[in-house]
Structures are given as structure tokens and as C-alpha cells.
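Here is the structure we will look at.
Derivation of every value follows stated rules applied to the coordinates shown; laboratory data play no part. Being a predicted model, the structure only gives us computed values, none of them experimental. So basically every Cβ, Gly included, is an ideal-geometry build from the backbone, and we count neighbours across all protein chains shown.
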Amino acid sequence: MSTSDSTTELPCLVRREVVETAQTLIVKIGTNVLSNADDTLNVERIRHIAEQIHLVRETGRKVVIVTSGSVGAGMGLLGLTERPKDLPHLQAAAATGQAHLIRLYDDCLRPHGYHAAQLLLTTSDFKERSRYLNVRNTLHTLFEYGAVPIINENDTISVHEIKFGDNDHLAAMVTHLFAQPLLVILSVVDGLFDGDPSQPDSHRISLVDRWDNQLLNCTVATGSTRGTGGMRSKLHAVHKATAVGENVVIADGTRPNVLQQILAGDDIGTLFMAEGMNVPAWKRWIGYTVAPKGRVVVDAGARRAIVESGRSLLAIGVTRVEGEYARGEAVAIVDESGQEFARGLSNYDAADTRKIQGCHTEDFTMILGCLPYSELVHRDNLVVTDH
């Protein structure tokens, strides 16, 4: 990890280069940015955000908003003093608040000539390739009409199995849909600090040019009665984005003209630089969007062949198969310590993989009665997710 704090002169060329290459801004806005202390929506802030979106659009860039706030808005409208803990009441608050939230976005965007286009998504929309492509196609079509996509999780139908967990994760997955994106996460904290942001001896980290898991140690265990995320959640989203060649900025969404300052290359918030080359959309979907159905444990030789030599996964290197999955579904590839380092689409289902694990390819016909594929996971359908 290489970082620079706010007391070190940060080359503005770095930030400007990041901004100049960005064609689409995915702006994630947290509940606390949008809400007042009494859980009502801050209309003036939404109006100001709409003005900033207009100025970004004037530069020729596209903008997608990933918004929180529906549950918080519903709490205010329904007179609730604390966030519901059971699913039916939580979903009722979301259903009530979402209508109010999207209407405010639309009211604030219309004076600038835009319509707000609502997309409510669950993880199922990203797990299935056809639905994933449909979401992407819908977004690009909305751009043709000059609309501003406003995306939120479909809390009113989500259950544990299909939830994103928080909109930071959703925003990272939406970012994967675009070429040359910039993910901007707006919080009430101006980026990542090396300690508790409320303490005077903590300093803002201006630039992170390489991901390091030690960054998670910078987070503070603070929470909100309105939001579901936190800095740790944001950092996990950052890792998902930077690992596939996408840049991310975390900044204070209550700061006036925050988007214009980011586009100007000003030293605000924390800029997380993309790692390596941009990963093709197909592999982004395999490695960082679709959830694996099972786990394939491999030996050290197979790990080296995949990570260091860019090889496919062969059955000879498999030592154990965990879970059940069908042919063509995603699996996590883990080493003998249980650490996941790759994901891919399996050419064989779990039952057949167990039969051929540890075997040479020439033995497949005798074991299975046929040889449909030489590789368990072909390199074209495999992504290294952690070196």
C-alpha cells in the first residue's frame, strides 16, 4: 500500500488524469447524506445534487445514481423513531419511502431538462447473465433519452438470499457494467482516515495507489440508525472495483459542489487507484458479480499454474469439492488453506468433478464414459481474484 495524507502535496495530474479518462460517473449517495436528523429527506441537498449532475452531464459524461434513503424516508413518513428490525416492517418503510424518494429526484432534475428513471434491483439481476445484460442495455438506452438512472436495491421484495447487503456493494456491481467508469461514493466522512475521523490526531489519506488488506484496520466501528453500511463496507466495494481496473473516490457528500471539485482534480476525499489493466466485462461478471455456487479446493501446483502461468484449472490439481453446482455455474477456486484466489465457470457439475478430481484428463472417458472437456475450468472463463 502506498498512501499520501493531506499534508503531502498530491500531484493534481494524477487526479485529473483519472477524471479525464472517466466516461461515466457512478455516484453512490448514502442515507446520511440525503437525510436530516429527524429522518426526513433533505430536499435542498437533493436539489443541489441534481444541479451538480447537470454540470457533470454538460461535460459530456454520463451519470448513474445509486441511492440509499428509501427506508429512512419511509421512517420519517410513517413516524418511526428507529429502523425496523423485522423484515415486513422494514419492507413497508422502504415501499413508502421509495415513492417519495424518486419523486424528489425527479422534481429536482426536471428544471435541468432530465427525467429520473427508477431501477430497483436485487442480486438475482446480476447473477443471471441474461438479466445482467438486460440491466446494462436498459441503462444505455436511458442515456439515449437523456434520462438519469436512479438505482436502489429492491428492498420491498428482497430477502436474505438475494440482498446486496448495502448499496456500496450494489454500486460496485453497477460500475462493472460500464467501460471507463469512475465510482464516487458520497458519505458524511471526507474519505478514509488513518484513525477515528472525529479525533484531531487522525489524518485523511488522500491517495491509495495499491490495495492492501491493512486498509481495513483504518476503519472505526461506528454505525448509524439509518444506514446499513460503514467505511468497512465501502472499502470492500472499493476493492471489488479497483481489482478490475476501476478508479474510486470516497468523499464527503455534504460538501458543496463535491462532484465539481472531484472533476476539477481537487485534493478532497480519498482516491483509490485501479490495479492493473481493465478486466473485460465478461470476466468482471464471472469474478466479481455472479456469486459462486460451490468451492473447488486445489493443491499448490494448480494454484501456481493458474496465478503465475495463466493456465486453466485441470482436474489433476483438485483435492476437494464443496457444495453442489451445475455445469456452467460459477465456482470459487481456493487453495489448501481455504483462501479463495480465483473464480470460474465449471465445465463439469459437482458430482462429476468429485469423480474426476485428482485424475489425469486421459482417464475421464473411463470414469465418465465421455470426454466433453479437457479442462475443469477453461482459462477463458476464469478470473484470478486475489494474488
Query - Theoretical FRET efficiency, 1/(1+(r/R0)^6), r = Cβ-Cβ of residue 145 and residue 319, R0 45 Å, to 0.05 - result: 0.30
Report task. Within 10 Å of each residue's Cβ, count the other Cβ atoms and sort 109, 139 from fewest upward. Result -> 139, 109
Query raised in the report: Who wins for biggest fluctuation among 307, 279, 174 in a Gaussian network model of the chain, springs between alpha carbons below 10 Å?
Result: 307
**Report entry** Beta bridges per DSSP with both ends in the chain, % antiparallel, nearest 5
**Finding:** 40 percent
Query raised in the report: Given +1 on the Cβ of Lys and Arg, -1 on the Cβ of Asp and Glu, and no further charges, what dipole in debye does the chain carry about its Cα centre, rounded to the nearest 20?
Result: 760 debye
Query - Given the chain, longest segment not containing exposed loop GluC sites (Glu not before Pro) (DSSP; at most 15 other Cβ within 10 Å) - result: 129-307
Query raised in the report: Among 50, 37, 291, whose mean-square fluctuation peaks in a Gaussian network model of the chain (Cα, cutoff 10 Å)?
Result: 37
Query raised in the report: Are any of the pairs 240/355; 62/85; 62/293; 62/240; 127/355 more than 30 Å apart by Cα-Cα distance, and if so, which?
Result: 240/355; 62/85; 62/293
**Report entry** Helix-only CD estimate at 222 nm, as mean residue ellipticity for the chain, using -39500 (n - 2.57) per DSSP H run (n ≥ 4)
**Finding:** -10500 deg cm²/dmol
Requested in this report: Taking P(r) over Cα pairs in 20 Å bins from 0, in percent as the quantity of interest, determine which of (i) 27, 53, 19, 1; (ii) 25, 45, 24, 6, 1; (iii) 29, 62, 10 was computed from the displayed structure.
Outcome: (i)
Report summary line: Taking every other residue with Cβ under 12 Å from the Cβ of residue 358 and scoring Lys and Arg +1, Asp and Glu -1, one gets +1
Requested in this report: Compute the length gained on full extension between residue 81 and residue 124: take 0.36 nm times their separation in residues and subtract their Cα-Cα distance, giving the result in nm to one decimal.
Outcome: 12.3 nm
Report summary line: So, with points 7 Å from each Cα along the Cβ direction, the residue 47-residue 366 label distance in nm works out to 7.9 nm
**Report entry** Built amide H within the under 5 Å cut-off of residue 348, gap 5+
**Finding:** 328
Query raised in the report: Length gain on complete extension for the stretch residue 264 to residue 95, per 0.36 nm per residue less the alpha carbon to alpha carbon distance?
Result: 57.1 nm
Query raised in the report: Hey, what angle do you get for helix 87-109 against the long axis of the chain, alpha-carbon based, 0 to 90 degrees rounded to 10?
Result: 60 degrees
